[in-house]
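What follows is a single structure, written as structure tokens, with notes after it.
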Amino acid sequence: MKKIDGCELINEFDLEKAQNSIGEVISIQACVHKVRQMSGFAFVVLRTARYLIQSVYSPENCADDISDVKEGCYITITGEVKKDDRAFNGIEIVLKSVKMLSKPDYDYPLHVSHKKLGCSLDINLDMRSVALRNPYERAIFKLQEGIVYGFEQFMKNNSFTRIHTPKIVAQGAEGGANIFHLEYFNKPAFLNQSPQFYKQTCVAFFNRVYEIAPVYRAERHATSRHLNEYIGLDFEMGFIDSMYDVMNMETAMLKYVMEYIKENYAPELAILNANIPEINEIPSVTFLEAMDILRGKGAKNKFDLEPEDEVFLCEYAKKEFNSDFIFVTHFPAAKRPFYAMNDREDPRLALSFDLLFRGLEITTGGQRIHDYNEQVSKMQEMGMDIAEFPTYLDIHKYGMPPHGGLGIGLERFLMKLLELI
């Protein structure tokens, strides 16, 4: 442990230790978040990597000059810890020394010390290196970390192997126009739309796999529903009986993640005033049942859900089941990817599902085709040239267990979790 002036330097992970050090002298390295000059003393609010900590300066206790200390300065302070329930995190530090580490050449162009920045999105993004110093803005990304950690911990606890798949590929997993084209050493290539082919391949030897990685979609858009680059939380699992095994795994994972962030990210949840849903069971309706529910609302698309349909179905789930989530299953096979297994009872439908959350689809998943002849037949029916997919078809040719999986858009999930839009 590093020591300054004979005191242990309290780093970011030792806040609890600082709270248990009442009456002791500690040292902290942090950024000056705000200075409030009072009559004869000053409050210096410190911003660590996660927390705000209040310190108090007076010339009687601290001989160092703090006239140059302002927002954006990085300092080392030493002081005595006092209990104060009114202060951030229940403690206040009475300063004994202040040492300047660095100071900014310019004042912040944004109100970093305010509860919220209060600026437009364009300004927020243009000034991102400053905006993320605001505790509210920063807490969003900290909670994103919590979702990822919770997801990963659940995957590990349930015998999933983490994989890292290529992002420059020879074929798109889903086809269509929404794919970035590259020239790769004088050969055509693409940025991967999905780790689907690799996930399925790995099921053959790992049984259960997951990945947390970027996904690329070349979509021209100006909506809150799309990103050209996002983080996908993907998993694939073998030896399933049906797509409902995948849906049950996702339900269990979401329950785990919600509990994980409540336990480990309480400070961020408080800053963001987040409404974390309680998950018991997630209701499920088929696509045809969803169309019946939507019929009175004038559903326009007979083959997929429109944005307004997703909003209405979530309102329905909240009213009928008190659930923020709802699964929609058995979509028309013609609108699902070529690797989606068709329903044996009605081949017009695919064993595929979406998970809707607070008015937005956050997951697409389902059961995949594992039989070689069935996969070849479906690709040919969809007008695909199987000669272009030799490696993908090899996994079917040499045997696959019944399997399925899903992909979750991390940013979409977080956006709806925080009800940001």
Quiz item: Convex hull volume of the Cα atoms in the chain, per residue, in Å³?
Solution: 191
Practice problem: Using only Cα atoms, locate the centre of region 372-405 and the centre of region 19-79, then give the distance between them in Å, rounded to an integer. | Solution: 64
Quiz item: Picking from Tyr316, Pro104, Asn207, whose Cα lies most toward the positive end of the charge dipole for the chain (charges on Cβ: Lys, Arg +1; Asp, Glu -1)?
Solution: Pro104
Practice problem: Beyond 19 Å between alpha-carbons counts as too far, so tell me which of Lys199/Lys262; Lys17/Lys83; Lys167/Lys187; Lys116/Lys255; Lys255/Lys416 fall in that bin. | Solution: Lys199/Lys262; Lys116/Lys255
Quiz item: Which of Asp385, Asp324 comes first, and how do the rest follow, when ranked by fewest Cβ neighbours within 10 Å?
Solution: Asp385, Asp324
Self-check item: Relative contact order (%) - the chain, alpha-carbon pairs under 8 angstrom, separation at least six
Solution: 11
Quiz item: Dipole size in debye (nearest 20) for region 136-417 around its Cα centre, Lys and Arg Cβ +1, Asp and Glu Cβ -1?
Solution: 380
Quiz item: How would you rank Met38, Met100, Met155, going from fewest to most other Cβ atoms within 10 Å of each one's own Cβ?
Solution: Met38, Met100, Met155
Exercise. Evaluate E = 1/(1 + (r/R0)^6) for Ala189 and Asp107, where r is the Cβ-Cβ distance and R0 equals 51 Å; express this FRET efficiency to the nearest 0.05.
Key: 0.65
Quiz item: Name the GluC sites (Glu not before Pro) in region 54-150 that are in a loop by DSSP and that have at most 12 other C-beta atoms within 10 Å, would you?
Solution: Glu60
Quiz item: Okay, which of region 25-44 sit inside 12 Å, backbone N to the point 7 Å along the Cα-Cβ direction of Asn61?
Solution: 25-26, 41-44
Quiz item: Rg(Cα) of region 251-364 divided by 2.2 N^0.38 Å?
Solution: 1.20
Quiz item: Can you give the charge dipole size of region 3-102 about its Cα centre, rounded to the nearest 20 debye, using +1 on the beta carbon of Lys and Arg and -1 on the beta carbon of Asp and Glu?
Solution: 240
Quiz item: Can you list the GluC sites (Glu not before Pro) in region 347-421 that are in a DSSP coil and have 16 or fewer other beta carbons within 10 angstrom?
Solution: Glu419
Quiz prompt | Dipole axis of region 325-373 (+1 Lys, Arg; -1 Asp, Glu on Cβ), positive-most option in Tyr339, Gly359, Phe327 | solution = Gly359
Practice problem: Give a quick list of trypsin sites (Lys or Arg not before Pro) in region 32-120 that DSSP marks as loop, anything other than H, G, I, E or B, with at most 16 other Cβ atoms within 10 Å. | Solution: Arg50, Lys70, Arg86, Lys115, Lys116
Exercise. Assign one of three labels to region 296-354, namely rounded, prolate or oblate, based on the Cα gyration tensor with a ≥ b ≥ c the square roots of its eigenvalues; rounded applies when a/c is under 1.5, prolate when it is not and a/b is larger than b/c, and oblate otherwise.
Key: prolate
Self-check item: Helical mean residue ellipticity (222 nm; -39500 (n - 2.57) per DSSP H run of 4+; nearest 500) of the chain
Solution: -9000 deg cm²/dmol
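Just so you know, all these numbers are worked out from the coordinates, no wet-lab data involved. Small disclaimer: the values here were computed from a predicted structure and weren't measured. A quick note on method: Cβ atoms are made from the backbone with ideal geometry, for glycine too, and the neighbour counts reach across all protein chains shown.
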